[in-house]
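Novice: Can you keep this structure in mind? I'll have questions shortly.
The values are calculated or read from the model by the stated rules, or taken from the named source; none is laboratory data. No experiment lies behind these values; they were computed from the predicted model shown. Heads up, the Cβs are rebuilt from the backbone with ideal geometry, glycines too, and the neighbour counts pull from every protein chain shown.
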Amino acid sequence: MGNPWAYDFSAIGRRAAPLMVIIGSDSDPRSQRGGYGMSGNSDVHQLIPGTLQFDQLNLSRQFYNPKSRPDLAPYDCVLNLVTDPDQHPKTLELLRKLLRGYRGRVINRPEAVVRSSRDLVARRLSGIEGLRVPKVVRLRNPKPGAAPAAMERAGLGFPVIVRLAGTHTGQIVGRVNSAEELDEACRGSGDYVLTEFIDFASADGLYRKYRLWSFGQRTVFKHVIISDAWNIHNKDRSRIMPGRPDLIEEERRLFSRPDGTLPDHVHAIFDNVRARLGLDFFGMDFGIDRHGQTVLFEANATMSYAMTFEPPFKYLELAGPPARDAFKQMLFPSK
């Protein structure tokens with residue numbers, strides 16, 4: 001992506017490319033070797049065609065100069081990579097204001113991203129036929145006793161998963177089994193998200209986390225990670241699957257279709273999710289339990305797309321061509 005951390009404000013109004021890519025952060029990006037890093041921005045920029053020229057705008061406060069407001073009008077398309085509504089609400093609001101009057105195409109409008117927090121997604125996806133959506137309660141700076149009381153009002157039972165808002169990649173405070181444990185887990189300031197725990201183990205006792213991506217109106221199958229633990233991380237792939245050729249073959253077979261060789265009702269569910277979220281690109285993680293019911297984990301635009309493709313998992317590269325093609329068509333449908 002070149003240097004994604006700065007924008008040449010001297011070029012304002014002189015379009016050098018048809019595409020403007022937006023990144024940014026409410027907090028100062030952390031300094032790291034070779035530049036800066038920040039979470040809450042999508043990594044799908046890796047799918048931008050190598051021949052496509054684009055400009056970049058960083059809305060982080062130490063890079064963005066509000067006195068030199070960029071003119072987005074010359075660009076055919078604006079790609080918003082600021083994707084976490086909990087980490088970067090101020091940046092999303094700034095982008096919303098910058099887009100006033102813009103007549104080009106916007107990929108993942110900030111208004112849609114703001115509505116993609118875990119609690120709002122749970123509400124919006126509730127009622128989709130065939131999809132079990134765990135109940136979610138969100139609390140800010142809960143006092144002792146507040147979290148158990150909120151659970152009771154919402155009809156949640158134990159166990160419940162506790163995490164801080166804006167965390168991903170399996171980061172949780174814990175899975176708790178009592179009101180006492182819940183109060184302990186919710187100590188300290190912050191926004192806490194309490195999620196109903198649903199046992200999604202398959203008939204063989206293993207846990208499977210499927211991931212589908214949507215680019216425009218096209219579905220791309222990304223992977224299934226199979227583990228012996230419910231809180232599945234990418235590292236479980238290398239821990240569990242290399243010693244199980246049958247599990248590797250199970251995942252490989254799913255790539256026989258670009259959108260994944262999954263049951264038709266799963267694809268119908270995903271189509272409904274896409275219609276309700278209103279995001280141009282997003283990923284959905286889910287499980288399929290021993291009874292064949294689809295269980296939602298999360299659906300948002302922040303989840304990571306990148307993955308290494310080392311043996312014995314080289315077949316994961318099969319997701320690349322359909323994803324790149326769908327991504328290109330999403331940016332410029334007529335090309």
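Novice: Would you mind finding the one in Leu94, Leu79, Leu72 that is assigned by TED's automatic domain parsing to the domain that holds Val21, surrounded by 20 or more Cβ atoms within 10 Å (Cβ to Cβ), more than 20 Å from the chain's Cα centre (by Cα) and outside any loop (DSSP other than H, G, I, E, B)?
Specialist: Just a single option satisfies the conditions, and that option is Leu94.
Novice: Residue pairs, Cβ under 8 Å, 6 or more apart or interchain, first in the stretch 198-221 and assigned to a loop (DSSP other than H, G, I, E, B), second modelled with pLDDT of 95 or more and small (Gly, Ala, Ser). List them.
Specialist: Phe200/Gly287; Leu206/Ser227; Gly216/Ala326
Novice: Quick check on my filter: what residues within the stretch 241-256 are surrounded by 13 or more Cβ atoms within 10 Å (Cβ to Cβ) and farther than 14 Å from Trp213 by Cβ?
Specialist: So in the stretch 241-256, the residues surrounded by 13 or more Cβ atoms within 10 Å (Cβ to Cβ) come out as 241-242, 247-248, 250-252, 254-255.
Those that are surrounded by 13 or more Cβ atoms within 10 Å (Cβ to Cβ) and farther than 14 Å from Trp213 by Cβ: Met241, Pro242, Leu247, Ile248, Glu250, Glu251, Arg252.
Novice: Touching a residue at least 40 places away in the same chain (Cβ under 8 Å) and closer than 22 Å to Leu79 by Cβ, is that true of Ala299? Explain how you work it out, then say what you get.
Specialist: Values: touching a residue at least 40 places away in the same chain (Cβ under 8 Å): yes; closer than 22 Å to Leu79 by Cβ: yes.
Against the criterion (touching a residue at least 40 places away in the same chain (Cβ under 8 Å) and closer than 22 Å to Leu79 by Cβ), Ala299 qualifies.
Novice: Moving on. Restrict the check to the stretch 281-291 and report whether at least one residue is more than 25 Å from Gly320 (Cβ to Cβ), touching a residue at least 60 places away in the same chain (Cβ under 8 Å) and touching a Leu at 6+ places or on another chain (Cβ under 7 Å).
Specialist: Looking only at the stretch 281-291, we keep the residues that are more than 25 Å from Gly320 (Cβ to Cβ), and these are 289-291.
With touching a residue at least 60 places away in the same chain (Cβ under 8 Å) added as a condition, the list becomes 289-290.
If we keep only those that are touching a Leu at 6+ places or on another chain (Cβ under 7 Å) as well, we get none.
Looking through the stretch 281-291, none of the residues is more than 25 Å from Gly320 (Cβ to Cβ), touching a residue at least 60 places away in the same chain (Cβ under 8 Å) and touching a Leu at 6+ places or on another chain (Cβ under 7 Å).
Novice: Another question, then. Filter the stretch 53-65 for residues that are among the hydrophobic types (A, V, I, L, M, F, W, C) and in contact (Cβ under 8 Å) with a residue 40 or more places away in the chain and give the result. Spell out the reasoning first.
Specialist: Of all residues in the stretch 53-65, those among the hydrophobic types (A, V, I, L, M, F, W, C) come to 54, 57, 59, 63.
Answer for the stretch 53-65, where residues must be among the hydrophobic types (A, V, I, L, M, F, W, C) and in contact (Cβ under 8 Å) with a residue 40 or more places away in the chain: Leu57, Phe63.
Novice: Something else now. Which one is farthest from the chain's Cα centre (by Cα), of the residues in the stretch 300-311 that are modelled with pLDDT under 95 and not polar (S, T, N, Q)?
Specialist: Within the stretch 300-311, the match that is farthest from the chain's Cα centre (by Cα) is Pro311.
Novice: How about the stretch 130-152: which of its residues are at pLDDT 95 or above, surrounded by fewer than 16 Cβ atoms within 10 Å (Cβ to Cβ) and either part of a strand (DSSP E or B) or in contact with a strand residue (DSSP E or B) (Cβ under 9 Å, 6 or more places away or on another chain) (or both)?
Specialist: Across the stretch 130-152, the qualifying residue is only Gly130.
Novice: Please work out if Gly166 is at pLDDT below 95, of a type outside the set (Lys, Arg) and touching an Asp or Glu at 6+ places or on another chain (Cβ under 6 Å). Before the answer, list the steps.
Specialist: Numbers: at pLDDT below 95: yes; of a type outside the set (Lys, Arg): yes; touching an Asp or Glu at 6+ places or on another chain (Cβ under 6 Å): yes.
For Gly166, the condition - at pLDDT below 95, of a type outside the set (Lys, Arg) and touching an Asp or Glu at 6+ places or on another chain (Cβ under 6 Å) - is met.
Novice: Give Asp8, Asp43 a once-over and let me know the one that is under 23 Å from Thr308 (Cα atoms) and either at pLDDT 70 or above or among the acidic types (Asp, Glu) (or both). If you could, list the steps in order and put the result at the bottom.
Specialist: Values: Asp8 fails: under 23 Å from Thr308 (Cα atoms).
From the options Asp8, Asp43, the qualifying one is Asp43.
Novice: Kindly establish whether Val193 is touching a residue at least 60 places away in the same chain (Cβ under 8 Å), crowded, with 17+ Cβ neighbours inside 10 Å and farther than 30 Å from Pro322 by Cα. Even if it seems obvious, please write down each step before you answer.
Specialist: Values: touching a residue at least 60 places away in the same chain (Cβ under 8 Å): yes; crowded, with 17+ Cβ neighbours inside 10 Å: yes; farther than 30 Å from Pro322 by Cα: yes.
Yes.
Novice: Right, here's the next one. Across the stretch 226-262, what is the total count of residues that are part of a loop (DSSP other than H, G, I, E, B), closer than 24 Å to Phe197 by Cα and over 22 Å from the mean Cα position of the chain (by Cα)?
Specialist: 1
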